[in-house]
Amino acid sequence: MLKLRVITSIIALLAIGVVLFVLPAGYAEVIIGLLLVAGAWEWSGFLGLFGNAVRVLYTAIVIACLAFVYFAGPEVTGTILTVSFIWWFVAFIWTLFYPTNIALPVRWVCGLLVLVPLYTALVFLFRLGVDYLLFTLMIVWAADAGAYFAGKSFGRVKLAPAISPGKTWEGVIGGLLLVAVLAIGVGIWRDLNIAVFLPFVLAVGALSVVGDLTVSMFKRTAGLKDSGSLFPGHGGVLDRIDSVSAAAPLFALGLGWLGLV
């Protein structure tokens, strides 16, 4: 399984490189949107057994929201990112009390709160500069990789057994340690204030864990292990973007708070 995951990751990285560095900017933003449309289709599978008509309707609603974001101005972007920040704080509290009943209307709304701000943040960061978007992804990858290997080697204390039995506190700590190394390295390279930059990046890395747990919470409610099977060894789109969905909006919003843009 590890070999399959590595092969899929390499192919995905090559695809990301082509999208970000080879294709014209407009095409890249559309492709990012299409990826999230696939995520919307997967999220519609959390809505219960209502047939494909409801799934198509939900996906169409998400497409309309993403199109609105694509053409919206900076004021709308700021509002969406602020709403997202509030949502992920609520999601964090929510994960502490799971298992809880998740009503169908709540599942509809939460899907929008995950996918629409994510697209908003990714487009904002991409337009700001590819390096900003790449660094956001690197934070998430470092948190995931550190957590995977630290959890495998030292994991004992369960993080959220009702949501994701395989995750441990040791894994989270290992992931954040790797994020800290990344932050310090980039901070020195860019001559940033480490005392400010490091806590900010660690907060983004920590929130990526909340994104992972939140999407897992909805998967469990729907009785699913993976959201899909698009990426062999990794699952579906939501399985790959769950951490990014929480991290990217905070990173985009925090850049303004810290005066980095």
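The values are calculated or read from the model by the stated rules, or taken from the named source; none is laboratory data. Computed from a predicted model, the values in this text were never measured in an experiment. Backbone-built Cβ (ideal geometry, glycine too); neighbour counts: all protein chains shown. Quick note on the areas: whole protein, heavy atoms, side chains included, nothing else; ligands and nucleic acids left out. Shrake-Rupley method; radii C 1.70, N 1.55, O 1.52, S 1.80 Å.
What number, in nm² with one decimal, is the all-direction average of the projected area of the convex hull of the alpha-carbon atoms of the range 114-211? If you can, show how the numbers build up before the last one.
Values: hull surface 27.0 nm².
Averaged projected hull area, Cα only: 6.8 nm².
Here's the picture: charge each Lys and Arg Cβ at +1 and each Asp and Glu Cβ at -1 in the chain, and of 33, 179, 257 the one pushed furthest to the positive end of that dipole is 179. Taking the chain as a Gaussian network, where each spring joins two C-alpha atoms under 10 Å apart, which residue of 153, 227, 216 fluctuates the most? Among 153, 227, 216, the largest GNM mean-square fluctuation belongs to 153.
Residues considered: 207, 250, 198. Largest GNM mean-square fluctuation over the chain, using C-alpha springs under 10 Å, is found at 198.
Estimated translational diffusion coefficient (Stokes-Einstein, Kirkwood radius over Cα pairs, 4 °C, 1.567 mPa s) of the range 24-156: 78 µm² per second.
Quick one: if the Förster radius is 45 Å, what FRET efficiency do residue 60 and residue 152 give, using the C-beta to C-beta distance and rounding to 0.05? Efficiency, rounded to the nearest 0.05: 0.65. Amide H contacts under 5 Å for residue 159: 167, 168, 169, restricted to partners 5 or more places along the chain or on a different chain, H placed in the peptide plane at 1.01 Å from N.
Return the tail of the calculated pair distribution for the range 158-229, meaning the percent of Cα-Cα pairs more than 19 Å apart.
Working: 1172 of 2556 pairs.
Of all Cα-Cα distances in the range 158-229, 46 percent exceed 19 Å.
Note on the chain: with charges restricted to the Cβ of Lys and Arg (+1) and Asp and Glu (-1), its dipole about the Cα centre is near 640 debye. In the assembled protein chains, residue 240 presents an accessible area of approximately 90 Å² (probe radius 1.4 Å). Once divided by 2.2 N^0.38 Å, the Cα radius of gyration of the range 99-156 becomes 1.59. Computed on the Cα atoms alone, the convex hull of the chain gives a volume of 127 cubic angstrom per residue. What the Cβ-Cβ distance of residue 194 and residue 82 gives, at R0 = 35 Å and to the nearest 0.05, is a FRET efficiency of 0.85. For the pair the range 11-68 and the range 84-119, the centres of their Cα atoms are 19 angstrom apart.
Counting every C-alpha pair in the range 141-261, the share spaced more than 18 angstrom apart comes to 56%. The charge dipole of the range 1-129, taken about its Cα centre with unit charges on the Cβ of Lys, Arg, Asp and Glu (plus for the first two, minus for the last two), comes to roughly 300 debye. Listed by chain and number, the lysines placed with their C-alpha closer than 17 angstrom to that of residue 158 are 167; residues fewer than eight positions away on the same chain are left out. For the range 1-97, taking Cα atoms only, Rg and Dmax work out to 16.9, 45 Å respectively. A straight Cα-to-Cα reach below 16 Å connects residue 225 with the aspartates and glutamates 42, 212, 239, 242, residues fewer than 8 places away in its own chain not being considered.
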